[in-house]
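Presented below is the structure to which this report refers.
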Amino acid sequence: MIAIDYVVLVGYFFIMAAIGVWALRRTKRQIDYFMGGRRFGKLLQTFAAFGAGTGAQDPILVGRTTWTSGLTGIWSVLMWLFVTPVYWITGVWYRRLRHLTLGDFFVERYESPAMGVAYTCFALAFCCMYLSTMFTGISAVAAAMFGITTVELFGEQVQLQMVFVPTIALFVVIYGALGGLTAAYWTDLIQGLCIILLSILLIPFGLNALVDKFGNPESQTLFDGFRILHERLPASYFEVLGGPRAGEFPLHYIISLSLLAVVGIVVQPHFIVTGGGSAKTESNARIGLVTGNFLKRLCTVGWALTGLIILALLADNIEIAEVKDRAWGVASRELLGTAKMGLVGLMLACLIAALMSTADTFMLVCSALVVHNVYAPFFNPNAKERTYVNAGRIAGLIVVAGSVFAALAISDVLKQYTMALELPIVFAAPFWIGMYWRRAGKLAAWGTVLFAFVTFFVAPIMLPRLWPGLREDPRFTIATNRVSRTISREATAVDADRRTGWEAAHQEALKNPDEAERKSLLSKLGPAPPQAVAGESFQEKLPPLGGTAVFWSGGLKPAEGEKTTYETVSDSSEGNVKTVVERPLGKSVGQGSFNVDFLLYQWLGVDFSGLSPAMLKTMRLPPRLITPFMLLFVLSWLTPRNSKNALDRFYVKMKTEVKPEPEEDQREMEASYGTPDRFDQLKIFPNSEWEFTKPSFFDVIGFVVCVLICFLIVGLLVFLVSLGG
């Protein structure tokens, strides 16, 4: 980075802080600070949903998975695509709830202030873990853009992320804590435009670089860059679904992740705000939520295309060979730095914008939960509005600090992201069932929440400690077969470059004087890619699949005095792909936490040996998705329901359309509370305890259009990557 890049970066931070100071004057009450007075239209709602749903880790993650798995890597983020039509329905819910927090839903529906506290604890853990993925990801990109990994601080060399991450967090706290949601939404508008820019900025520069480096710049255009892209990459890298590279994201795994997202997304704490709760009208809520998320899906297409371009250009790059998360940062430095127009600084500002646009919303949502569901009801119920707002600012500071600590402690984007994705299953069943079924009561909801939390998050950690012999029990130290695949094809230039990059990174790692760091670097590099000469016959060995521990998250290690060996089970060829299946032998010891999900499958007699890692991940999800719902149904029949008056008020409220003006909406609510059965004619199942209502024409048309847009986005992706092929 040069001087102008730093000027752009500092200018960006100054603008964000200035918006926070401006919004401070408009923030007097809780509803102003936490909900922006519920006065936002479609534009700000769109960019709020877009900003909060698009993190700095998203383009980084797509860049990494595209580098390793080809175009199928796009599903690491695009798995949310077919969840988007559901938002057309849920956007109305969050506005009709008329709450400041999602914790208020559980308090009202289940008449349990304590459940609001429990939800607040979940939300704090979720937001800290989710935000930590962004802090971790952007620090890796920043290191590549700055061209350094350490900085001097108080006379000592420290890792760049130890300084960079807290600095970003400080600016999030400054403008978010000062201006509340109004500042967050206006900054989200600017940051959203920055995110769109970062999604397309590298594409023309990358295509032009392909032409300059491998074509004829005097007679060829950017379109020829697509042709060169296909010439340099194997055809399998352009397959969207299936193919030999789909091992990490096969169709069944994509479907299961989509189902997990549908079930869990509704209880993510920020949805009460960006999901529609801060909108002025219901149409603003649902249109903003859907449009904002479709913008992200379109950007994901740009990230995947950028990932392929980066691979075609920089397959021999030593920095990316060492750490795949650096791909986006290295590409930005190499492609944009030559222009010397501040574009590297602009790209870093855009990535920071992607982080800050999510962090500010998460910070405010958690602040609202702490204040409204813990501090106010249990410690200071009669405080002034200014006191609650100041308490929210302090709570926000704690949330961001927790996220920074998690980022610096874990530093694994994919692991942090996966953990954050699974946490919402704790409250998902009580939300979904409570929204539609009167019979679900407080005790049933509490039983379900405690079961999900203990079974899926506490037991996996505690069981090995309470039962030390579990790690060596042969019933639980089984692993799947290891599958090695070799593709016979013509080598491309990228195949040769991969080997060059690996050798350079390997030599660099061997020079490291610290033995532990040296071993870590060599482990990250993995085995050497085969030698390749472009145009000649080539045997590509894909990374082995399988050999995966079934019951242990940290895998298996050989028992003392043992060595893991493999016995060949089968050796077959189909087309140009040769497959060798091997069975692991020898005693092992389990590492990490215990996967209790698979006890049911073992009891049913499932043979795990032939399952792929993606199938194992897929099989983890049904118990987590289905069991809490089944338990809630059973417990609801065995325990008392909530009071009829509370249920009547809740369900009539959810059927009462929101009016744009608060006074008019209040009159409508008073009429509904006075006549709880005023909308019973809308029920699909009249005279029952099920509260499903008949969809309107607008509901149906909007949902169908959203589904069609999903397929159009996939079609756009296929079209773009077919150019020049």
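The values are calculated or read from the model by the stated rules, or taken from the named source; none is laboratory data. Source: prediction; values computed, not measured. Quick reminder, even Gly has a Cβ in these numbers, built from the backbone with ideal geometry, and neighbours come from all protein chains shown. With ligands, DNA and RNA removed, areas are computed over all heavy atoms of the protein, side chains included. Shrake-Rupley method; radii C 1.70, N 1.55, O 1.52, S 1.80 Å.
In the chain, the portion of solvent-accessible area held by carbon and sulfur atoms comes to 64 percent [1.4 Å probe, whole percent, DNA, RNA and ligands not counted]. The Cα-based radius of gyration of the stretch 261-376, divided by its Kirkwood radius, gives an Rg/Rh of 1.10.
P(r) for the stretch 482-531, from all Cα pairs and a bin width of 10 Å, is 22, 42, 27, 9 %, short bins first. With respect to the chain, whose longest principal axis is taken over its alpha-carbon atoms, helix 57-69 is tilted by about 40°.
Of the two radii for the stretch 488-626, the radius of gyration is 1.04 times the Kirkwood radius, both from the alpha carbons; that is the Rg over Rh value. Panel values: the stretch 588-725, Kirkwood radius from alpha carbon pairs, Stokes-Einstein at 10 °C and 1.306 mPa s, translational diffusion coefficient 75 µm²/s. Rolling a 1.4 Å probe over the protein chains gives residue 678 an accessible area of about 80 Å². Run through the stretch 469-540 and list the trypsin sites (Lys or Arg not before Pro) located in a DSSP loop whose Cβ has at most 10 other Cβ atoms within 10 Å. Of the trypsin sites (Lys or Arg not before Pro), the ones in loops of the stretch 469-540 whose Cβ has at most 10 other Cβ atoms within 10 Å are 475, 511. Please give me, ordered by residue number, the GluC sites (Glu not before Pro) of the stretch 642-709 that lie in loop per DSSP and have at most 15 other Cβ atoms within 10 Å. Qualifying residues, ordered by number: 657, 689. Calculated translational diffusion coefficient of the stretch 357-404 (25 °C, 0.890 mPa s; Stokes-Einstein with Kirkwood radius over alpha-carbon pairs) equals 228 µm²/s. Of the peptides 435-447, 454-466, 283-295, the order by per-residue mean of other Cβ atoms within 10 Å, starting with the highest, comes out as 283-295, 435-447, 454-466. Taking all protein chains together and a 1.4 Å probe, the residues 397, 585, 632 rank 397, 585, 632 from largest to smallest accessible area. The alpha carbon radius of gyration of the stretch 373-507, expressed as a multiple of 2.2 N^0.38 Å, is 1.76.
A simple rule links phi to the HN-Hα coupling: the Karplus curve 6.51 cos²θ - 1.76 cosθ + 1.60 with θ = phi - 60°, which for the stretch 573-589 gives 10, 9, x, 9, 10, 9, 10, 10, 10, 10, 9, x, 10, x, 6, 9, 10 Hz, with x for Gly and Pro.
Distant-in-sequence amide contacts of residue 40, defined by a placed amide H-H separation under 5 Å and a gap of 5 or more residues or a different chain, comprise 280.
With Rh defined as the Kirkwood radius, the inverse of the mean 1/r over Cα pairs, the Rg/Rh of the stretch 235-328 is 1.09. Measuring how big the stretch 81-165 is from its alpha-carbon positions, Rg and Dmax come out at 20.4, 57 Å. Remark: the stretch 48-54, residue by residue, has Karplus-estimated 3J(HN,Hα) of 5, 5, 5, x, 5, x, 10 Hz, where x stands for each Gly or Pro and the curve is 6.51 cos²θ - 1.76 cosθ + 1.60 at θ = phi - 60°.
Taking each of 655/683; 541/563; 280/644 in turn, the alpha-carbon distance tops 19 angstrom for 541/563; 280/644. Dimensions of the chain based on its C-alpha atoms, expressed as ranges along the principal axes with the largest first, amount to 80, 63, 56 Å. Put simply, the amide H of residue 611, placed in the peptide plane, has neighbours under 5 Å in 481, leaving out anything fewer than 5 places away on its chain.
Calculated accessible area for the chain comes out at 41 Å² per residue, all protein chains present (probe 1.4 Å; ligands, DNA, RNA ignored). Karplus-derived 3J(HN,Hα) values for the stretch 653-666, using 6.51 cos²θ - 1.76 cosθ + 1.60 with θ = phi - 60°, are 4, 5, 9, 8, 5, 6, 9, x, 8, x, 5, 5, 5, 5 Hz; glycine and proline are entered as x.
Taking amide H as placed 1.01 Å from N in the peptide plane, the amide H of residue 588 sits under 5 Å from that of 559, each at least 5 places away or on another chain.
Roughly how big is the stretch 495-611's charge dipole about its Cα centre, with Cβ charges of +1 (Lys, Arg) and -1 (Asp, Glu), in debye to the nearest 20? About 220 debye.
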